[in-house]
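Take a look at the structure below.
The values are calculated or read from the model by the stated rules, or taken from the named source; none is laboratory data. All values derive from a computational prediction rather than experimental measurement. FYI the Cβ positions are ideal-geometry reconstructions off the backbone, even for glycines, and counts take in every protein chain you see.
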Amino acid sequence: MTGAEVPSIVAVVLVAVATLAIGTWGLRFSRTTSDFFVASRTVRPALNASAIGGEYLSAASFLGVAGLVMAFGADMLWYPVGWTAGYLLLLALVAAPLRRSGAYTLPDFAEARLGSARVRAVCSVLVVAIGWLYLFPQFQGAGLTLEAALGAPRWVGPVVVGLVVLVNVMSGGMRSITFVQAFQYWLKLTALLVPALAMVLVWVGDGAPNPTDVAGVGDPGPLWSLPLGSGGGQGLYLTYSLIVATFLGTMGLPHVVVRFYTNPDGRAARRTTLVVLALLGFFYLLPPVYGALGRVYAASGTADVLVLELPRLVVGGVGGDLLTALVTGGAFAAFLSTSSGLSIAVAGVISQDVIGRSEHSGVTSFRLGAVVAVVVPCVLAVAAPDVGVARAVGLAFAVAASTFCPLLVLGIWWRGLTPAGAIAGLLAGFVGSGTGVAYSLRSSEATSWLAVLLSQPAAWSVPLAFATMWSVSRATPSQVPRHTPRFLVRLHTPEDLRLERGLERHV
Amino acid sequence: MNEPVRVRVTGPPRHTTRRRARTREIDEETALGAVLISSLLRTQLRLAMMVLLPLLVVAAGLPLAFHLWPALAGIRLLGVPVPWLVLGVLVYPFLLLLGWQYVRRAERHEREFAELVEIADR
């Protein structure tokens, strides 16, 4: 180890300490089980939107996009575009009704809407599956980052992030997490913005060579600017499938959905989502800057850790070390915040549906659930360190788009949904996208059409899930729950109207 | 000049018992109540479709356009190729604008629905 790593070590320690400190500060407010799960539903839109942004901007956004853009070019811009556009779909189709449903988690929503314990069970399994599929690359990214920035062994990152998340989630639950997440959005933005500005200044001083005219790594110039996957028709399919997965997957991510319950009402849920659109749009202006500058300055650098290495390559000297420390701290914040949010969502489901509340108090079973939620993907990340980070995140989106998206959209807007239809559709979407996941985690190169279809399954698995859910529901009309009309009243009417909305569950 | 006489002006007595007539139609799941709720659902769903349509056109149209005419990617504005400008920058204010439109109109629809339902049936 040389002296150059000291600022980065300090940054990582500072982020971890600040996260724990804010978490403990939040603990003073956490008194009831409801505080632990949904912050007793009193979080204001601006704070809640920062928290959603902080939670959502993961390793893939902070580190992955820049490297992908440098190596593959403009077609990778569809990732951040899709991750933002997903919130527009969430806003227009899901946000307010989901808040008004009065449910805490996706399984809660499914059970309340369809009155079926079996649908709830299927949803619980799916939340855990998607949550772990998304947690796993966060822990892996942490390993990569600490290895690149500090020279630490690969297993250190997952263990450190896992421990901090666990302490934080177990001590404060959702309320303290809201403060932590909001802090981490602004930290991540600063950590990417300040080095970007410094590097752009250096770049202008160097005569501003145009990144698109540089030979660089990966695709040659003209192809680098083409926003399509390579390979003609296959490239077009891959691009469309990526668009479907990211646009529709956001609404089905368990850690995103759980944040909507912390809004005071449906109107606030909408306004929160709008602020989220602005915060994400601003943040996603930055990773392509790193990708483009990487093309000029880091021709031989590795794409995975481009964001961490670029400041040192461009600025150099002590300034470069300090900027590297800043992005390292930001990356560490990205792992912490996304993993915390996912762990809470998975822990909530495990504690409610697997452990149950009969044996333990609500808070105790939530803490038990948190241990299981964090330890499993953490062990996986230590055991299997070589699966691509961006791929696993993309697949989590594909699974979410193929399962929870149809359930939410049809459940909110269509009277005719039945428990049988929901289960059939969820299973069809899960098996379809899950086959793709299993296939692509085993092999990476896709040249035949079958391999292409499996490696990016959303474009066919999402329509398959919708069609199955719709047609099986149509075939079982006698199963339409009797409380459906009243439930739709609750989903779609403003809260201040005095209407009969059925019973609302309270924890 | 005489002092102006203070006069207490009051409206006709309110029929408080009849004020929530239409909310009761909804509560009791009558045919009228069902019509009121379906019309709200239809209005909001149509709004969602109207807001998402421009997004669909962009998301479906851009890849197809670049697939059919790859030379488009070579066009530059101020030295920046068009794909970077559109997908790296312009798309975000576009999404925000659509979202803002949606929130404004969805809230208006809810206000109108509340007025329609809370007004007395006279």
Q: Kindly provide the set of residues from region A:452-507 that are touching a residue at least 24 places away in the same chain (Cβ under 8 Å), part of a loop (DSSP other than H, G, I, E, B) and touching a Ser or Thr at 6+ places or on another chain (Cβ under 7 Å), ordered by number.
A: A:Q456, A:P457, A:T476, A:V480, A:V507
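Hey, any hits in region A:238-247 for a residue that's more than 11 Å from chain B (Cβ to nearest Cβ) and modelled with pLDDT of 75 or more? Give the derivation first.
Going through region A:238-247, the residues more than 11 Å from chain B (Cβ to nearest Cβ) turn out to be A:245.
Applying the additional criterion that residues be modelled with pLDDT of 75 or more yields A:245.
So far as region A:238-247 goes, yes, one or more of its residues are more than 11 Å from chain B (Cβ to nearest Cβ) and modelled with pLDDT of 75 or more.
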(Q) Among the listed residues B:L87, B:L55, B:L64, identify the single one that is facing chain A (nearest Cβ under 7 Å), assigned to a helix (DSSP H, G or I) and more than 20 Å from the chain's Cα centre (by Cα). (A) B:L87
Q: Only residues that are at the interface with chain B (Cβ under 9 Å from one of its Cβ atoms), among the hydrophobic types (A, V, I, L, M, F, W, C) and farther than 11 Å from A:L277 by Cβ: list them for region A:76-88, please.
A: A:L77, A:W78, A:V81
Q) Take the residues of region A:69-115 that are modelled with pLDDT under 90 and hydroxyl-bearing (S, T, Y): which is nearest to A:I423 (Cα to Cα)? A) A:T105
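Could you check region A:487-506 and list, in sequence order, the residues that are modelled with pLDDT under 85 and surrounded by 15 or more Cβ atoms within 10 Å (Cβ to Cβ)?
Taking region A:487-506 and keeping what is modelled with pLDDT under 85, we get A:495-506.
Within region A:487-506, A:E495, A:L497, A:L499, A:R501 qualify.
When you look at A:V81, is it assigned to a helix (DSSP H, G or I) and buried (at least 24 other Cβ atoms within 10 Å of the Cβ), yes or no? So that I can check it myself, show each step before the final result.
Details: assigned to a helix (DSSP H, G or I): yes; buried (at least 24 other Cβ atoms within 10 Å of the Cβ): yes.
Yes, satisfied.
With touching a residue at least 12 places away in the same chain (Cβ under 8 Å), of a type in the set (V, I, T) and either more than 11 Å from chain B (Cβ to nearest Cβ) or within 30 Å of A:R99 (Cα to Cα) (or both) as the only criterion, which of A:V289, A:V296 stands out?
Unique residue meeting the criteria: A:V296.
In this structure, does A:G436 turn out to be touching a Leu at 6+ places or on another chain (Cβ under 6 Å), modelled with pLDDT under 90 and assigned to a helix (DSSP H, G or I)? Even if it seems obvious, please write down each step before you answer.
Values: touching a Leu at 6+ places or on another chain (Cβ under 6 Å): yes; modelled with pLDDT under 90: yes; assigned to a helix (DSSP H, G or I): yes.
Taking the combined requirement at face value, the residue satisfies it.
Just checking, which of A:S471, A:S455, A:S461 is under 21 Å from the mean Cα position of the chain (by Cα), modelled with pLDDT of 85 or more, farther than 30 Å from B:A114 by Cβ and among the small types (G, A, S)?
Values: A:S471 fails: under 21 Å from the mean Cα position of the chain (by Cα); A:S455 fails: modelled with pLDDT of 85 or more.
Residue meeting the stated conditions: A:S461.
Among the helices (runs of 4 or more DSSP H) lying completely within region A:220-272, list those that include at least 1 residues that are touching a residue at least 12 places away in the same chain (Cβ under 8 Å) and under 19 Å from the mean Cα position of the chain (by Cα).
On the way: elements: A:221-224, A:233-249, A:254-260.
Because the criterion is at least 1 residues that are touching a residue at least 12 places away in the same chain (Cβ under 8 Å) and under 19 Å from the mean Cα position of the chain (by Cα), the helices (runs of 4 or more DSSP H) in region A:220-272 that meet it are A:233-249, A:254-260.
Just give me the residues in region A:248-285 being under 18 Å from A:M76 (Cα atoms) and either among the basic types (K, R) or at the interface with chain B (Cβ under 10 Å from one of its Cβ atoms) (or both), in sequence order. Break it down stepwise before answering.
Kept after step one, since they are under 18 Å from A:M76 (Cα atoms), are these residues of region A:248-285: A:248-250, A:280-285.
A:L280, A:G281, A:F282, A:F283, A:Y284, A:L285, listed by residue number.
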Q. Restricting attention to region A:288-337, and to residues there that are hydroxyl-bearing (S, T, Y) and outside any helix (DSSP H, G or I), which single residue is surrounded by the fewest Cβ atoms within 10 Å (Cβ to Cβ)?
A. A:S300
Q. Is region B:100-122 home to any residue that is touching a residue at least 40 places away in the same chain (Cβ under 8 Å), surrounded by 13 or more Cβ atoms within 10 Å (Cβ to Cβ) and outside any helix (DSSP H, G or I)?
A. yes
Q.
Can you report the number of residues in region B:1-43 which are at pLDDT below 75, within 18 Å of A:R490 (Cβ to Cβ) and part of a helix (DSSP H, G or I)?
A. 6
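Listed here are the residues, each with its yes/no results for (1) more than 21 Å from the chain's Cα centre (by Cα); (2) modelled with pLDDT of 85 or more; (3) among the charged types (D, E, K, R).
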| position | (1), (2), (3) |
| --- | --- |
| A:P153 | yes, no, no |
| A:V159 | no, yes, no |
| A:V169 | no, no, no |
| A:F179 | no, no, no |
| A:L189 | no, yes, no |
| A:A198 | yes, yes, no |
| A:V204 | yes, no, no |
| A:P209 | yes, no, no |
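Conditions tested, residue by residue: (1) at pLDDT below 80; (2) within 19 Å of A:V127 (Cα to Cα); (3) touching a Ser or Thr at 6+ places or on another chain (Cβ under 6 Å).
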| site | (1), (2), (3) |
| --- | --- |
| A:V318 | no, no, no |
| A:L322 | no, no, no |
| A:G330 | no, no, no |
| A:I344 | no, yes, no |
| A:G348 | no, yes, yes |
| A:S358 | yes, no, no |
| A:T364 | yes, no, no |
| A:D386 | yes, no, no |
| A:L395 | no, yes, no |
Q: Check A:V65, A:V127 and return the single one that is in a helix (DSSP H, G or I), among the β-branched types (V, I, T) and either within 14 Å of another protein chain (Cβ to nearest Cβ) or more than 29 Å from B:L55 (Cβ to Cβ) (or both).
A: A:V65
